[in-house]
Each structure stands twice: as C-alpha cells, then as structure tokens.
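Structure first, commentary second.
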Amino acid sequence: MSVALGTTRPLPVRSTPIGDPGDLLAALPKTAPFAWVKHGEGLVGWGEAARVAVPPGPDRFTWARTWLTTVFGDAHVNDHVRTPGSGPVAFGTFTFDEDATGSVLVVPQTILARRNGQAWITTIGDAPFQPTTPLQNPGRISYGDGNLTAPEWEHLVARATLRIRDGELEKVVLARDLLATAEHPIDIRLLLTRLAHRYPDCYTFSVAGLVGATPELLIRRTGQEIESLVLAGTTPRGTGPADDLARGAALFASEKDRYEHECAIASVRQTLAPLCSSLTTPDEPELLVLPNVQHLASHVTGRLADGASVLDVVAAMHPTAAVGGTPTDTAIKVIRELEGMNRAGYAGPVGWIDAHGDGEWGIALRSGIVQGRRARLFAGGGIMANSNPAMELAEAQAKFRVMQYALEG
C-alpha cells in the first residue's frame, strides 16, 4: 500500500480473528471515526493508511476503481479471516452530482468488525494505539435556514409540479438543507451511538465528516450475489397506533406513492439486468416502519454475470430514480436548476469495499456534514405531478428529525 503515511514501501495488512468486541462504536477514538453498522454488526475504523480525493466527472467511479486496484494490489496481506470485509478495506463517500468535488476514499489503519458470528481486527502497518475517551455532549443546538426558507422550498416544489404536469419529466427528488450550530464541538461518536440505538434497522455511517443513518441499501455484494433495498414513497409516523396503521394503509393505497415506487423499481431493474445472470424483484412492495417515517420498500436480489465489483455496480446504479427522478437525466438537470445548492455527499453513495470487490453501499439519506461546532443537515422527497408542497415540506421536516435527534438526544 504505497500511498500510505508518506512511505514508499508496501505496508503489511493483517486480519486476525478475535473474541466478541462488544459495542463496535464504543471502541472508536474521537478523531475522524469511520463506521458502517446495523444491528450491532459491521465495520468501524480509525487512522488513515491511504486517502484520496476522487476527481469529479463522469469517469469518477472508474478512476476510483483504478486507484483502489493499485492500493490494494500493493498491500502485503496476511488474512486469517477470509470473509467479506477482512483484509484492507476502503470507506468511501461520493457526491450526489458527478460534477461536484468532495468524493473521498479512505483506507483506515485499523478496522474492527463483526458479522455473521465472526469478529476480527485488521491493522495496516504499525497502527498506533488510540485510546477511547468519554463521549462529549455538544450542548445547546441552534438552527438556521440553509439554502432556502421553508416557504421558499414550498414554492420550489410547486414549480417542480408544474414542470411535471407540462410533461417535461415524471418525477424529481428535491432536497433542502438546515444549518445546525452547537455550543461545543460535535462528537461524531455521540451522533453514531444515538443513531444506532434509535434507528437499529438503518445503516449508521461515518465517512470523512458525512454522518447519518440511512434506511436505503443501494447494493451489497457478497461473492457474486447482490442485494438492494429500494425505498420510494413515504409518510410520517402517526400520533398513535390507530393513526399509524391508517397512515400506513393510506401510503400503501396511494396512487402517487405506488407510482413513485414503481418508477424506482423499474430504474433499478433496468440498471441491474445487464450486469446479472439472474435478477428478482417483488410484485408488491412492503411497508418499512421506522421511528420517524414509513416507507414503501422492495428487496431486490440477483447474481452478477461477469464478476463486477461492488463499486462497478454502484457506478451503474447511481443516481437511482429514488434519489434523482424519472427520467433520471432530465431530473438531474431540473435539480441543478431549481435547487441552487450543492448537495455534497447527501443522496450520494456511501459505504465500503474490500480487496475482493465485496462491500456494502447505501444512499446517504438522513445525514449531515459535521465540521467542528457546525452541521449541515439534509432531507428531501420525491415530487410527482400531484404533490402537495405543504405535505412535502412536512415529510422533509420529519426526515430532519433523525439528525436533530442525534444532535439533541
């Protein structure tokens, strides 16, 4: 791994089985932690053996794959675990817009992992010991408008619905941001701990300052087997059990939300079919109930035909209709024109990849970019021809609550 720590010598990589490490997040030191955890399983890491800023542009995933091939190929690996996620691993975040800067790949010096009854630690080179320290509370949180005020964003949604009704496109996913300022520096580990506890069915992640808990698995590759969880169609949780059931039933029966979901599934099917020897998509979605919202969800499974890595599949899938719109190319143009802001890593791919091409990548939803005492939070929703601006604003505000809870507790 010749691009590590200023040395020109390939570095040794060692993966060793260990006993149950307990709470993975509790092992993280304060400085720049990396995480991908769900139901207590996954990977956490710290330190940097290698890091690169991925150049923007339409070939950025190909560039990233080439860089990873070089970095992983230069490593001297002693892997006693031999499972997806052992050996050298890169965590990554890619911007939503291919023309935006900010995509990053990082190979941590130390990785602690647990999955499918196995636990292990991976070290690269002479990884220094970094002691854990008590979690720090950020204190009082104040909020301010991001790029647009709430009324301005409602007007944006109304403009989008007009363009959809005029036939320019069928769906566009619009996002908005919210700025949070804390009394004290924000401890990313505290955010991760709160998110993992309250949203165990989501993937809690931290990569290069992008932190969140996403319910949407873009792609998982294990050998040649792949899996994706498609979410499109959302309603806030109810005020009580009866209201909750009614909202879920209304979502499942909603012509607007069902059509939005069908568009998302069709987009995934069209993208994955050329890469797969077999592909299965469900006839009907199911309800995914989270603490703050309910989603229409569909599990997609398949088998890759030609040995593509997980990053190759990410490149083919992003952006999906669920986070961009339909037709996607037109929707991206409308997003650039109407939103007037840089989404950075929000709604972009985030996750990890190992030297064998296995990995897990989600869509960076329910997330924020944390730097010092400040955090920029993001939320959004799919806009259709009959979308109601006030209801879309309420949906976005419900999604903001995920990161607001992480900040406030």
(request) Determine which member of the set Ala213, Ala180, Ala196 is under 17 Å from His295 (Cβ atoms) and in contact (Cβ under 8 Å) with a residue 60 or more places away in the chain. (result) Ala213
(message) Residues that are of a type in the set (Val, Ile, Thr), farther than 16 Å from Ala64 by Cα and crowded, with 21+ Cβ neighbours inside 10 Å: does region 353-368 have at least one?
(response) yes
(request) Scan Ala316, Ala390 and give me the residue that is surrounded by fewer than 23 Cβ atoms within 10 Å (Cβ to Cβ), out of contact with any strand residue (DSSP E or B) (no Cβ under 8 Å at 6 or more places or on another chain) and within 30 Å of Thr69 (Cα to Cα). (result) Ala316
(request) Quickly run through region 55-102 and pick out the residues that are within 23 Å of Ala321 (Cα to Cα) and either buried (at least 17 other Cβ atoms within 10 Å of the Cβ) or of a type in the set (A, V, I, L, M) (or both). (result) Pro56, Arg60, Phe61, Gly92, Thr93, Phe94, Thr95, Phe96, Asp97, Glu98, Ala100, Gly102
(request) Residue by residue through region 33-53, note down the ones that are crowded, with 19+ Cβ neighbours inside 10 Å and either closer than 21 Å to Gly212 by Cα or without any contact (Cβ under 8 Å) to a residue 40 or more places away in the chain (or both). (result) Pro33, Phe34, Ala35, Trp36, Val37, Lys38, Gly42, Leu43, Val44, Gly45, Trp46, Gly47
(request) Could you please find all residues in region 1-57 being modelled with pLDDT of 95 or more and among the hydroxyl-bearing types (Ser, Thr, Tyr)? (result) Ser15, Thr16
(request) Kindly establish whether Pro131 is part of a loop (DSSP other than H, G, I, E, B) and over 22 Å from Leu210 (Cβ atoms). (result) yes
(request) Considering only residues that are over 13 Å from the mean Cα position of the chain (by Cα) and crowded, with 23+ Cβ neighbours inside 10 Å, look in region 189-225 and name the one that is farthest from Gln371 (Cα to Cα). (result) Arg221
(message) Of the conditions (1) out of contact with any Leu (no Cβ under 9 Å at 6 or more places or on another chain); (2) part of a helix (DSSP H, G or I), Glu284 satisfies every one except a single condition; which number is it?
(response) (2)
(request) Only residues that are surrounded by fewer than 21 Cβ atoms within 10 Å (Cβ to Cβ) and closer than 15 Å to Ile188 by Cβ: list them for region 9-32, please. (result) Ala26, Ala27, Pro29, Lys30, Thr31, Ala32
(request) Being on the phi > 0 side of the Ramachandran plot, touching a residue at least 12 places away in the same chain (Cβ under 8 Å) and either in contact with a strand residue (DSSP E or B) (Cβ under 9 Å, 6 or more places away or on another chain) or not hydroxyl-bearing (Ser, Thr, Tyr) (or both) narrows it down to one of Gly362, Gly368, Gly409, so name that one. (result) Gly409
(request) From (1) within 30 Å of Phe61 (Cβ to Cβ); (2) in contact (Cβ under 8 Å) with a residue 60 or more places away in the chain, pick out the condition that doesn't hold for Pro274. (result) (2)
(message) For region 235-255, which positions are among the β-branched types (Val, Ile, Thr) and surrounded by fewer than 22 Cβ atoms within 10 Å (Cβ to Cβ)?
(response) Thr239
(message) When the residues of region 293-307 are narrowed to those that are surrounded by fewer than 19 Cβ atoms within 10 Å (Cβ to Cβ) and in contact with a helix residue (DSSP H, G or I) (Cβ under 9 Å, 6 or more places away or on another chain), which ends up nearest to Asp257 (Cα to Cα)?
(response) Ala305
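So that you can scan it fast, the table gives a plain yes or no per residue for (1) modelled with pLDDT under 95; (2) over 24 Å from Asp358 (Cα atoms); (3) of a type in the set (Lys, Arg):
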site	(1), (2), (3)
Asp243	yes, yes, no
Glu260	yes, yes, no
Gln270	yes, no, no
Pro274	yes, no, no
Glu284	yes, yes, no
Leu287	yes, yes, no
Ala297	yes, no, no
Ala315	no, no, no
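The values are calculated or read from the model by the stated rules, or taken from the named source; none is laboratory data. These numbers were taken from a predicted model, which means no experiment stands behind them. Heads up, the Cβs are rebuilt from the backbone with ideal geometry, glycines too, and the neighbour counts pull from every protein chain shown.
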